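Taking it in order: structure first as structure tokens, then the write-up.
Readers should treat all values here as calculations from the given coordinates under stated rules, not as data from a laboratory. These numbers were taken from a predicted model, which means no experiment stands behind them. FYI the Cβ positions are ideal-geometry reconstructions off the backbone, even for glycines, and counts take in every protein chain you see.
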Amino acid sequence: MAPNQNGNIVSVNEMKMYFPVTRGLLRRKVADVKAVDGVSFYIKKGETLGLVGESGSGKTTVGRCIMRLYRPTAGRIVFDGKDISKLPESQVRPVRSRMALIFQDPYGSLDPRQSAGSIVGEPLKIFNMAANKQAYKERVEELFRIVGLDPSMMDRVPHEFSGGQRQRIGVARALASKASLIICDEPVSALDVSIQAQIINLLEELQDRIGGLTYLFIAHDLAVVRHISDRIAVMYLGRIVEVTDRKNLYDNPLHPYTRALLSAIPVADPFLEEKRERVILQGEVPSPLSPPSGCNFHPRCPMAIPECKETVPPLLDKGGGHQVACIRV
């Protein structure tokens with residue numbers, strides 16, 4: 001199915017994902033964990049959208065809602081022109097064949113009892129994408145070569161591979177179903193820095209080679225996100241606070257939370273490091289079980305005024321597609 005007329009492969013509108021908190025023998029609902037609280041964004045076909053924020057901000061939950069591993073509490077998710085947010089489970093599988101997920105942990109995301117070849121080929125069996133055993137074997141060998149692994153390693157089990165090689169197996173598995181959208185959930189955070197660069201370069205090469213391949217790249221490391229993303233969305237406590245292209249985000253960050261994140265990135269030049277302004281946030285991230293009133297960020301914001309406690313700031317375009325949710329900007 002072709003993407004929308006505006007070229008978006010994914011459009012998310014006011015999506016919420018609340019997890020109920022229950023107590024007692026009757027499991028009575030007493031509260032909600034507001035993991036995602038009214039998120040809207042789009043991803044154009046063939047681009048990479050980086051989604052960044054601290055742990056617990058709701059990034060992974062957003063990715064799993066798009067995959068329909070979770071059914072959103074409210075809002076719309078339009079994928080390839082079709083609203084998938086309320087689809088019954090029986091109709092989700094054909095949609096899910098056009099999406100894939102690369103997990104954070106290359107050690108825990110692979111079945112230790114399966115061979116690498118059967119792990120990579122599993123989507124081919126699930127979605128009936130191989131005509132016969134020979135076609136299956138040829139496709140798995142092709143996927144190994146695409147991600148830079150020797151097909152002779154297909155019979156090895158995961159513990160016989162290094163961390164970087166295991167993540168390449170995860171990438172090959174994601175490519176097996178010819179997915180048009182790949183959700184990368186912190187795919188390099190568990191790897192050494194040198195190996196991180198290899199995996200990032202591999203993902204970029206695949207995007208150049210496979211026309212229309214789209215990434216939602218979830219991470220907390222802004223340096224990694226800057227390297228691979230076309231646009232970047234910043235999340236804080238279940239809401240998106242800023243969205244713009246990567247150059248704008250680093251050259252002209254508008255939201256105080258984005259400025260704080262950027263100021264925490266170390267700079268190699270000691271003279272620049274000494275001169276630049278540091279933004280130190282006070283306090284801890286509030287719980288999504290009881291988020292603050294008004295702007296979620298106001299208890300820690302150096303720019304907060306009394307009105308911030310009362311008003312939920314909308315995500316507004318400040319020009320050139322640079323969106324910010326802050327009444328002070």
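Structural remarks
- Highest to lowest packing among 219-228, 176-185, scored as the average C-beta count within 10 Å: 176-185, 219-228
- Applying the criteria of a DSSP loop state and at most 16 other Cβ atoms within 10 Å to the trypsin sites (Lys or Arg not before Pro) of the range 1-66 yields ARG27.
- Couplings 3J(HN,Hα) of the range 310-321, computed from phi: 9, 9, 7, x, x, 7, 10, 7, 9, x, x, x Hz, in residue order, whole Hz [Karplus 6.51 cos²θ - 1.76 cosθ + 1.60, θ = phi - 60°; x for Gly and Pro].
- Cα-based Rg and Dmax for the range 111-178, where Dmax is the largest Cα-Cα distance (Å): 10.8, 32
- 20 Å cut-off, amide nitrogen to a point 7 angstrom out along ASN201 Cα→Cβ, residues in the range 207-224: 207-210, 223-224
- Crossing angle, helix 163-176 versus the chain [Cα axis fit, 0-90 degrees, rounded to tens]: 80 degrees
- Full-extension gain in nm, GLU284 to LYS247, via 0.36 nm per residue minus C-alpha separation: 10.4 nm
- Principal-axis tilt of helix 193-209 within the chain, Cα atoms, nearest 10 degrees: 70 degrees
- Computed over the chain: relative contact order in percent, which uses C-alpha pairs under 8 Å that are six or more apart: 20 percent
- Think of the chain as a dipole: +1 on every Lys or Arg Cβ, -1 on every Asp or Glu Cβ, centred on the Cα centre; then among LEU124, GLY163, VAL279, LEU124 lies furthest on the positive end.
- Rounded to the nearest 500, the helix-only mean residue ellipticity at 222 nm of the chain stands at -9000 deg cm²/dmol, with each DSSP H run of n ≥ 4 adding -39,500 (n - 2.57).
- Semi-axes of the equivalent ellipsoid for the chain, Cα gyration tensor, largest first, Å: 35, 24, 19
- Computed from Cα atoms, the angle from the helix 133-146 axis to the main principal axis of the chain rounds to 50 degrees.
- Aspartates and glutamates whose Cα lies under 20 Å from that of LYS133, excluding same-chain neighbours fewer than 8 positions away: GLU122, GLU141, GLU142, ASP150, ASP155
- Rounded to the nearest 20 debye, dipole of the range 150-243 from Cβ charges on Lys, Arg, Asp, Glu: 240 debye
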